[in-house]
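Note sheet for the following structure.
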Amino acid sequence: MMRTWQLVLTCTAVWLTVGPSPGRAEEPPLPNLQHPHAPRWPEGVTPERLSDPAEAARVAEWLAQQYPEPRPEAVRMLIAILRGSRLMGNDGWFGPAQSRFDWAWLLNCHRLPADTAEITADQFKSKKAFFDHLDRNGDGKIKAEDLDWSERQPYVIQWQFVQRWARRLDRDGDGLISPEEWQEFYQRIARNKEGGIRVADLRAALIPRGRSSLEPGDAPSVPVLVRGLYAQEIGAMNPGPALGEPAPDFTLRTPDGSRSITLSSYRKDRPLVLCFGNFTCGPFRSLYPEVEAVYERHREHADFLMIYVREAHPEDGWKMISNERQGVAVAQPKLYEERVSVCQQFCKKLQPRMTVVVDELDDRVGGTYSGMPARLYVLDRLGRIAYKSGRGPFGFKPWEMEQALIMACMEAEADQPR
Ligand SMILES: [Ca+2]
Ligand SMILES: [Ca+2]
């Protein structure tokens, strides 16, 4: 009797989900087609058909004709996917951060002419700790290149390499390399070798061969990426607020439900950092401890808030073998309570000390700020967007954000009544 009831309930649930309209159950319709920033989609084409490169190229051409340049961000990303992008961070909607706090701002703040090449410690008008962070390469001078986080900078290339290395060592994905993980890495690559690790072993372990730097089992197919784009799992379709705009207000609850946090209730005389992220985004987990480190360094003169958003790599989307190995395997929450529960898993693993709030299931805040899958903002003391990182995971650069935050703090300091 129980079984019959279960069957009836299951059938009813399936019918309610799929509805009576025609269409094969294994190819559900694209979500969010009515979203104001969703790219138009050709009639009768399912994402699954785009496994055929010729069909993908045809749809890319159709989109290119539908949207003359300059194209919306989501259209740029979709066309890049259809033309073979596997989301390596240098195409589609990925791009550099935007910041009011750049080299020109710093020179102006010091009343130095625009062609000045460097600022020395003696000339610097704020705390020594601030100088040390702005002098990224530690040569005792701040130069324009210290503030340049584009990929042409050797420092940034090295930094990305270290980040990839750290992720390979961090087997449980908590953003820290434990002594056991360090030892395990040594054993893994030195296995069957006499007398330690050779340079070639390190190279083989840290510079994987092949087209993708993703681990085996993590590389996505075109249909998975197209569905991920419309589901806003690989990123929000909205481009988010522009530099200088007032930060859109919101109220969200903490994961324990005990508090509601409203953005506009934060102090007006100091900067505020917004950190967007989710549990299943591996690069975000890997870098989150660095955001916490920035929080510890600057909590005395700035506010911080983390907004927990939609999962990037749920089991029913672009699932990652590397996540499963780390015990990070969750379906995309269908209820707010489920998202809260995944956020609690995140909190258990990453132990955030800054305040965390959970976005509503309709992604009202993550969507507005283009916060999915991960992104950083610095709001100035007037609540305007002063720094907006590139889209995560590639644009998620905590140390770039820290430099902008330091300059936002210098600006706030200079404005204080004396
Ligand atoms: Ca320097
Ligand atoms: Ca670890």
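The values are calculated or read from the model by the stated rules, or taken from the named source; none is laboratory data. Here the structure is a predicted model, which is why all the values come from computation and not from measurement. Quick reminder, even Gly has a Cβ in these numbers, built from the backbone with ideal geometry, and neighbours come from all protein chains shown.
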Q: Tell me which residues, restricted to the range 67-96, are surrounded by fewer than 22 Cβ atoms within 10 Å (Cβ to Cβ), hydrophobic (A, V, I, L, M, F, W, C) and under 15 Å from the mean Cα position of the chain (by Cα).
A: M88, F94
Q | Condition broken by L252, with the remaining ones in (1) within 17 Å of Y336 (Cβ to Cβ); (2) without any contact (Cβ under 8 Å) to a residue 12 or more places away in the chain satisfied | A | (2)
Q. Somewhere in the range 30-37, is a residue within 30 Å of Q160 (Cβ to Cβ), in contact with a His (Cβ under 6 Å, 6 or more places away or on another chain), surrounded by 16 or more Cβ atoms within 10 Å (Cβ to Cβ) and in contact (Cβ under 8 Å) with a residue 24 or more places away in the chain?
A. no
Q: Name the one entry in W159, W149 that is of a type in the set (F, W, Y), modelled with pLDDT of 90 or more, out of contact with any Phe, Trp or Tyr (no Cβ under 6 Å at 6 or more places or on another chain) and part of a helix (DSSP H, G or I).
A: W159
Q | Residue ID - nearest to ligand 2 (Cβ to nearest atom), chosen from residues in the range 162-174 that are surrounded by 14 or more Cβ atoms within 10 Å (Cβ to Cβ) and assigned to a helix (DSSP H, G or I) | A | L169
Q | Single match in E233, E215 (criterion: part of a loop (DSSP other than H, G, I, E, B), under 26 Å from L78 (Cβ atoms), of a type in the set (D, E, K, R) and at pLDDT 95 or above) | A | E233
Q.
For the range 189-201, check the following and say yes or no: at least one residue is of a type in the set (V, I, T), more than 30 Å from Q351 (Cβ to Cβ) and either surrounded by fewer than 17 Cβ atoms within 10 Å (Cβ to Cβ) or away from ligand 2 (no atom under 16 Å from the Cβ) (or both).
A. yes
Q) Residues that are of a type in the set (D, E) and not assigned by TED's automatic domain parsing to the domain that holds R310: which strands (runs of 3 or more DSSP E) entirely in the range 244-293 hold 2 or more of them? A) none
**Q.** Check on V378, at pLDDT 95 or above, within 23 Å of R164 (Cα to Cα) and touching a strand residue (DSSP E or B) at 6+ places or on another chain (Cβ under 8 Å)
**A.** no
Q: Among the residues of the range 289-317, count how many are in contact (Cβ under 8 Å) with a residue 24 or more places away in the chain and farther than 30 Å from D132 by Cα.
A: 8
(Q) away from ligand 1 (no atom under 16 Å from the Cβ), touching a residue at least 60 places away in the same chain (Cβ under 8 Å) and surrounded by 15 or more Cβ atoms within 10 Å (Cβ to Cβ): is that true of R136 in this structure? (A) no
Q) Quick one: which of W182, W159 is within 19 Å of F394 (Cβ to Cβ) and either free of Cβ contacts under 8 Å to residues at least 24 places away in the same chain or within 16 Å of ligand 1 (Cβ to nearest atom) (or both)? A) W159
Q | Test for V226: is it under 26 Å from P96 (Cα atoms), more than 16 Å from ligand 2 (Cβ to nearest atom) and not small (G, A, S) | A | yes
Q: Looking for whichever is in contact with a helix residue (DSSP H, G or I) (Cβ under 9 Å, 6 or more places away or on another chain), of a type in the set (D, E, K, R) and crowded, with 17+ Cβ neighbours inside 10 Å here; the options are R353, R381, R339. Which one fits?
A: R381
**Q.** Subset of the range 134-146 that is assigned to a helix (DSSP H, G or I) and among the charged types (D, E, K, R) - its residue that is farthest from ligand 2 (Cβ to nearest atom)
**A.** E145
